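First comes the structure, then the notes that go with it.
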Amino acid sequence: MSDSDLEMGDDDVEQSELEQQFRLATNHVTAKANVYAAKDLLELYGLYKQATEGVCHTPRPSMLQMQARSKWSAWQALGEMTKPEAQSAYIAKLRSIDEDYEGDSKQKTPGRLNGWVVHSIESVPVEEQSKPEHLKTIFDHVKENNLPRLREQLKPGADLTPLDEQGMALLHWATDRNAIEIIQYLVECGANVNQLDAEQQTPLHYAASCGHVEALRYLLSSNADLELRDADGQTCLDVAEDEQICAMLQAALQLRNT
């Protein structure tokens with residue numbers, strides 16, 4: 001066997017190991033998708049498409065297909081990234097948002113990503129479905145878009161500023177889920193529309209990056225600050241990909257500056 005054959009063999013082994021780790025990572029996301037924020041799921045979706053299909057050459061969806069446009073933008077933004085680079089980036093992204101991820105073969109739950117990333121992010125994750133009702137927190141009720149139970153459990157004058165283990169406040173989760181009635185209820189209860197998460201992002205950042213028109217419209221009507229910057233120095237307009245979202249933000253910014 002020649003040296004070149006050995007080198008090619010090493011390359012094949014390395015690529016095989018990467019593909020195995022990528023498969024385990026996608027299986028993990030399949031099982032826990034609704035635990036993650038929509039903005040992270042969008043990034044994972046784009047990386048998954050790039051890793052499995054390569055560079056985006058599909059036409060941009062119409063304005064009426066908001067979710068499809070957001071997914072397309074996440075994929076298209078990766079440009080000429082190679083499939084192996086996208087696989088590595090997917091694994092790195094998962095590890096950055098899930099400290100419990102080990103990436104070993106003990107994690108089962110096979111499946112492929114479809115829908116938003118695995119399924120609709122507005123459905124309830126398996127672990128939350130099986131969680132006893134008496135153990136659920138106000139964060140659980142917001143994630144499930146369960147306003148009646150939130151009303152029952154949220155005490156008058158409760159502090160709405162604490163962040164959960166993912167670095168998000170209640171209003172961030174409500175915006176992430178595009179749960180308009182809960183967003184409105186939390187704001188009426190005193191939630192700050194400019195509340196910062198662990199990455200210094202506001203709910204407006206979430207609405208903009210996720211393409212949630214209804215949530216964006218409500219936050220703008222509540223005078224959310226358009227110019228606050230996150231830890232990366234980006235405003236809500238900087239993280240927006242959808243044309244309609246960008247147009248709404250630009251119009252609001254122009255109106256406030258006149």
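The values are calculated or read from the model by the stated rules, or taken from the named source; none is laboratory data. Every value quoted in this text rests on a predicted model; they were computed, and no experiment measured them. A quick note on method: Cβ atoms are made from the backbone with ideal geometry, for glycine too, and the neighbour counts reach across all protein chains shown.
Side notes on the structure shown:
- Flag if Gln67 is surrounded by 14 or more Cβ atoms within 10 Å (Cβ to Cβ), assigned to a helix (DSSP H, G or I) and at pLDDT 80 or above: no
- Any hit, the range 228-251, residues being of a type in the set (Val, Ile, Thr), farther than 17 Å from Asp40 by Cα and exposed (fewer than 15 other Cβ atoms within 10 Å of the Cβ): no
- Residues (among the hydrophobic types (A, V, I, L, M, F, W, C), more than 16 Å from Gly190 (Cβ to Cβ) and in contact with a helix residue (DSSP H, G or I) (Cβ under 7 Å, 6 or more places away or on another chain)) located in the range 141-165: Leu147
- Residues of the range 158-205 satisfying the condition of being surrounded by fewer than 23 Cβ atoms within 10 Å (Cβ to Cβ) and outside any loop (DSSP other than H, G, I, E, B): Ile180, Glu181, Gln184, Tyr185, Val187, Glu188
- Boolean, Thr58 is modelled with pLDDT of 90 or more, of a type in the set (Val, Ile, Thr) and over 15 Å from the mean Cα position of the chain (by Cα): no
- Here the range 70-123 is the region considered, the condition is being surrounded by fewer than 15 Cβ atoms within 10 Å (Cβ to Cβ) and among the aliphatic types (A, V, I, L, M), and the residue that is modelled with the highest pLDDT is Ala92.
- Being modelled with pLDDT under 70 and outside any loop (DSSP other than H, G, I, E, B) is a property that Asp5 has.
- Test: residue in the range 213-236 that is within 14 Å of the chain's Cα centre (by Cα) and not β-branched (Val, Ile, Thr): no
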